[in-house]
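Encoded as structure tokens, the structure appears first; notes follow it.
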Amino acid sequence: MSRAWLLVVLISSSVLLLAGCSGSSTQQLLDDYLTRVTRALEIDAIQPEARPTLPNWPSASQREVPLQGIRLGLLEAYGLRACPDLLTRVAERNNQLGRVMIPSQRFLYELRLASTLQSCVENPSTQVEAETLEELERLTQQVYRRLPAVFWNFLVSSDEMAGLFSLSGEGLSPDRHLPLSEQQTQLEYLLETARLLENQQRPSRYQDFERELRVFRDQAVVGQLLRAFTDANRYLQAVNHQLRQRLEGTLLCPRPTPELPRAQISQNVLLNVYIADVQPWFARLERKAQIWLPAINQLLDSPLAPSAIQEYRETWINPDNPETPWRRFQELNRQHAGYWEKLLQQCGLQPGLAD
């Protein structure tokens, strides 16, 4: 079997987006594949390893960062009359609701405060003493400097972000919410916002920011991907062990004869079970992972990230770590292709060579 042909079939996931399996149907599909391989290769049955314990999204106290306080100083005494809008912002913060703002409200408030301060400083009609103007400029810089931390707390504390990492459910169900292209657009917007804030610039569409996150509600994409890849890896390890065991034993076919029943049965398992049923699900996982995991990894790869977030990101979703479930899946899938190629070559089977 041509390695190039088989690798195209097995890992051409970036262009495939097919309906997937979820829950018990996924388990049944993988169990059936393992059973069929065992029978076709006429070797002892093997059970996949138990599912490892997957991590929960860190608690609020582990993922949020403290915010540096800001004192209004001279503004409280002299500057507010020159900037009426700033007086409104200060009143918002000091009222009863302002003192108990949730992270999303706090982020939007800080963005409005930064905009108001900058307008006040840059407005030629602002008539204040030089000392007060310096205080306004200092305060503006302080607000801009801490915006990345306010954004971080908003992002990691939101129900939508916590929902993305939820481990509830049993698999990655078919897309019922947004097309992947739209999900990708929203992720890119979050990344662009983080970049702008790091450079002390304001996002242009911040009024709609809560709506931007709301599109991710109830999707649990990252948690489901981790669970799906973990299950796929367990079964790939088991099947690869079966294939390797057969390669190290007696030849599958004493002579390279494609007509032998054993050769035909093995080829049918590959084509009619793996490529027809299992691989489309794997392709869907791969496509979903390519959109979500690098983007989420980049969002969490911040100098502000507490140690719990850094550890979670590095261990489970960092694409540069070959031991994460996604990268491990890709390596096991490549091994899978190689083992099938070598086995069927023993029987003289070379599908894909004569196109």
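Every read-out reported here was derived from the displayed coordinates using simple, explicitly stated rules and does not represent laboratory data. Not measured: the values here are computed from a predicted model. Positions of Cβ are backbone-derived with ideal geometry, glycine not excepted, and every protein chain shown enters the neighbour counts.
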(message) Run the simple label-point estimate for Gln201 and Arg39 please: 7 Å along Cα→C-beta, distance reported in nm.
(response) 6.1 nm
(request) Could you run the Karplus curve 6.51 cos²θ - 1.76 cosθ + 1.60 with θ = phi - 60° over segment 52-60 and give me ³J(HN,Hα) per residue in whole Hz, x for Gly and Pro? (result) x, 6, 8, x, 7, 4, x, 5, 4
(message) So, R0 is 41 Å and r is the distance between the beta-carbons of Asp31 and Gln350; what FRET efficiency does that work out to, to 0.05?
(response) 0.85
(request) Rank the residues Leu236, Leu191 as a footprinting-exposure proxy: fewest other Cβ atoms within 10 Å of their Cβ go first. (result) Leu191, Leu236
